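*Asks:* Before anything else, here's the structure in question.
The values are calculated or read from the model by the stated rules, or taken from the named source; none is laboratory data. Treat the numbers as computed from the prediction; the structure is a model and nothing was measured. Heads up, the Cβs are rebuilt from the backbone with ideal geometry, glycines too, and the neighbour counts pull from every protein chain shown. Note: areas computed on protein heavy atoms with side chains; ligands, DNA, RNA excluded. Shrake-Rupley method; radii C 1.70, N 1.55, O 1.52, S 1.80 Å.
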Amino acid sequence: MALASTIKVVLGSIAFGFFWVLAVFPAVPFLPIGRTAGALLGAMLMVVFRVISPDEAYEAIDLHILGLLFGTMVVSVYLERADMFKYLGKLLTWKSRGGKDLLFRVCLVSAISSALFTNDTCCVVLTEFILKIARQNNLPPQPFLLALASSSNIGSAATPIGNPQNLVIAVQSKISFEKFLFGIFPSMLLGVLVNAAILLCYFWKVLSIERDQEVEAEAGDLVVENEVNSHRFSPATMSYASSINSQDFSSVIDAMTPSSLVNAEPLRTIAIVDGLGLGNVGISQRREEISSARRYIRTTSRSRTSHAGEANSLPNSEARDPPNENWKRSLWKICVYLVTIGMLVALLLGLNMSWTAVTAALALVVLDFKDARPCLEKVSYSLLIFFCGMFIAVDGFNKTGIPSTLWEAVERYSRIDSIGGIALLSVVILVLSNVASNVPTVLLLGSRVAASAASISASEEARAWLILAWVSTVAGNLSLLGSAANLIVCEQARRAQFYSYNLSFWSHLKFGVPSTIIVTAIGLPLIRSY
């Protein structure tokens, strides 16, 4: 495809530039509107500048991907209601031998879950939960957030439903779920283990440092099992809003019940102080803040004791659930797990992935036999809108002819029938995935890479698709922009109510560069087409 007219190239590049800048820096001083609005702005400019028509913009939105994301998010909400976190918490903390052991478990659990329920959904569900585990065990959050984001990306490479770009590849290449899995699984398994080893080496000293005895004594029993078992995740957003601030302190206290104040006092107190940005002050000052918060909590708790007494004085028939509620809930939980397993079996049998996920989600809604609004409100609609804007922005940029022109310049040097060609192709995919994100990269390069490999053989064409899936997915670990899953972990960690943590661009980059290069390189020789 030749370059479009000069005015179209310039205006299309400007529109795509707005999308790119706001995706990387959602709070830029001149336009702090966030990632979702930034994606919509880039899409709107593509239409206003007449790079694409309104009809072409609507056609650019991939409903298959949106349906898969929506379906898996709803399924994840119901799995959470079916006590998935209770069992997951026991799995992560059962006979744990310290920070290193916990880090390795996070890598394995996030990799497996992302392969089954997409990396974006995995990060939506697990980020705040892993923050709680780290805080409750007095461990630094950074290693575990990096473990979650990087392992989720690597694990998601193994299946067509693991991430959005894999779904694009599966739809365009018509590679079955089974062949996709067997083609990449060996690379994924080795990649997860190597990535975990790199994390352990990188944070070995941090995870080996003895806890400060004075601070630990103030914390008391920091591991509160009920906090882990009763965790409820919040929907992901693509915003850049920070977590709880000082003005929210009173409303948070008022929203807490007396029983929760009593049972989780040490944890809540320290979490509130950390959430207010007091975690870096001196130990003596921290003690004063903790004491003040505790006194306030106790005062509030006493004022509500009379109400709690009235509730406790109710007859047993009113204070307890009906006897048959337990077996009804157990039966419902079994149904949730069976529907989820059925969804996975249907995917292995080659049924339409998007409709399978949506069907499973609606089956769970019907089985719940309640108003579905509370569950549907946990779906990250802002993330779905972000993808809509991204599809339009990328399609408009494609129509400028710039991607095709650049590909033609390197195509003859990046054929996959030679080691040098695979290496160059991998570098191109790595760079583009971190400049334009991995889904746009697949949209930009997919058909071109496949056409080049098809001239060699049909098996090489399938292998080219799998290489594109592997490299574009692992490339997401290089920087925060490389994958939407990274952005979700960053945003979810920043907005966590009591356990907020800011995972910066540079802290991610320092680990991401060596991990991405090593994991990508060791996985490429293991990729096979069947």
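*Asks:* How long are the three semi-axes of the equivalent ellipsoid of the stretch 405-446, in whole Å, if each is the root of 5 times an eigenvalue of the C-alpha gyration tensor, listed from largest down?
*Replies:* Semi-axes, largest first: 18, 11, 8 Å.
*Asks:* Dipole size in debye (nearest 20) for the stretch 420-530 around its Cα centre, Lys and Arg Cβ +1, Asp and Glu Cβ -1? Could you put the intermediate results ahead of the total?
*Replies:* Working: 6 positive and 3 negative charges, 39 e Å.
Using Cβ point charges on Lys, Arg, Asp and Glu, the stretch 420-530 gives about 180 debye.
*Asks:* If you split all Cα-Cα distances of the stretch 1-121 into 5 Å bins from zero, what percentages do you get per bin, shortest first?
*Replies:* All Cα pairs considered, the percentages come to 2, 9, 12, 13, 12, 12, 11, 10, 8, 5, 4, 2, 0.
*Asks:* Right, something else. Mind grabbing the base-10 log of I(q)/I(0) for the stretch 1-60 at q = 0.19 Å⁻¹? Debye formula, identical points on the C-alpha positions, no solvent, two decimal places.
*Replies:* -0.69
*Asks:* With a 1.4 Å probe and every protein chain kept in, tell me what percent of the accessible surface of the stretch 44-123 is carbon plus sulfur. All intermediate terms of the calculation are to be shown ahead of the outcome.
*Replies:* Details: 2150 of 3370 Å².
The nonpolar share, carbon plus sulfur, comes to 64 percent.
*Asks:* Express in whole angstrom the spacing between the alpha-carbon centres of the stretch 473-491 and the stretch 2-77.
*Replies:* Going from one Cα centre to the other spans 18 Å.
*Asks:* What order do Lys399, Lys205 take when sorted by accessible area (1.4 Å probe), most exposed first?
*Replies:* Details: Lys399 55, Lys205 165 Å².
Most to least solvent-accessible, the answer reads Lys205, Lys399.
*Asks:* Sort the following peptides by mean Cβ neighbour count (other Cβ atoms within 10 Å, averaged over residues), highest first: 189-202, 130-143.
*Replies:* 130-143, 189-202
*Asks:* Per the Debye formula with a single identical scatterer at each Cα and no solvent contribution, what log10 I(q)/I(0) holds for the stretch 382-425 at q = 0.25, 0.29, 0.33 Å⁻¹?
*Replies:* With no solvent term, the Cα-only Debye profile gives -0.78, -0.88, -1.00.
*Asks:* I need the P(r) histogram for the stretch 414-530: all alpha carbon pairs, bin width 5 Å from 0 out to the longest distance, whole percents.
*Replies:* All Cα pairs, binned at 5 Å, distribute as 2, 12, 21, 21, 16, 11, 7, 5, 3, 1, 0, 0 percent.
*Asks:* Hey, what's the stretch 1-92 come to in accessible area per residue, 1.4 Å probe, Å²? Please list the in-between numbers first.
*Replies:* Values: 4160 Å² over 92 residues.
Per-residue accessible area for the stretch 1-92 comes out at 45 Å².
*Asks:* Could I ask something else about it? How large is Rg/Rh for the stretch 25-89, to two decimals, with Cα atoms and a Kirkwood Rh? Write out the running numbers ahead of the final one.
*Replies:* On the way: Rg = 18.0 Å, Rh = 15.0 Å.
Expressed as Rg/Rh, it is 1.20.
*Asks:* Given the peptides 331-337, 111-117, 76-82, arrange them by the average over their residues of other C-beta atoms within 10 Å, most packed first. Before the final figure, lay out each step's value.
*Replies:* Values: 331-337: 15.1, 111-117: 25.0, 76-82: 22.4.
Those peptides, ordered most packed to least, come out 111-117, 76-82, 331-337.
*Asks:* Using a 1.4 Å probe and counting only protein heavy atoms, arrange His508, His64 so the residue with the most accessible area comes first. Numbers along the way, then the final one.
*Replies:* Values: His508 5, His64 80 Å².
Most to least solvent-accessible, the answer reads His64, His508.
*Asks:* To continue, here is another question. State in Å² the accessible area per residue of the stretch 421-530; use a 1.4 Å probe, count heavy atoms of protein chains only, and round to the nearest integer. Please list the in-between numbers first.
*Replies:* Numbers: 3350 Å² over 110 residues.
On a per-residue basis, the stretch 421-530 sits at 30 Å².
*Asks:* Something else now. Scale the Cα Rg of the stretch 319-402 by the rule-of-thumb value 2.2 N^0.38 Å and send over the ratio, two decimals. Please report the intermediate quantities before stating the final value.
*Replies:* On the way: Rg = 19.2 Å, N = 84, 2.2 N^0.38 = 11.8 Å.
In units of the globular-protein estimate, the stretch 319-402 measures up at 1.62.
*Asks:* Compute the distribution of all C-alpha to C-alpha distances in the stretch 112-193, in bins of 5 Å from 0, and list the percent of pairs in each, rounded to whole numbers.
*Replies:* For the stretch 112-193, the binned pair fractions read 3, 16, 23, 20, 16, 10, 6, 4, 2, 0 percent.
*Asks:* Quick one: accessible surface of Met343, probe radius 1.4 Å, all protein chains present, in square angstrom to the nearest 10.
*Replies:* 10
*Asks:* Could you work out the relative contact order of the stretch 426-493? I mean the mean sequence separation of Cα pairs under 8 Å and 6+ apart, divided by the number of residues, in percent.
*Replies:* Values: 72 pairs, mean separation 27.3, N = 68.
After rounding, I find 40 percent.
*Asks:* If you don't mind, there's one more thing I want to ask. Heavy-atom accessible area of Leu367 with all protein chains present, probe 1.4 Å, nearest 10 Å²?
*Replies:* Number for this one is 80 Å².
*Asks:* Of the listed pairs Lys8/Lys399; Lys174/Lys399; Lys90/Lys328; Lys333/Lys370; Lys132/Lys370; Lys132/Lys328, which have alpha-carbon separations greater than 19 Å here?
*Replies:* On the way: Lys8/Lys399 9 Å; Lys174/Lys399 24 Å; Lys90/Lys328 23 Å; Lys333/Lys370 15 Å; Lys132/Lys370 30 Å; Lys132/Lys328 30 Å.
Lys174/Lys399; Lys90/Lys328; Lys132/Lys370; Lys132/Lys328, as the Cα separations exceed 19 Å there.
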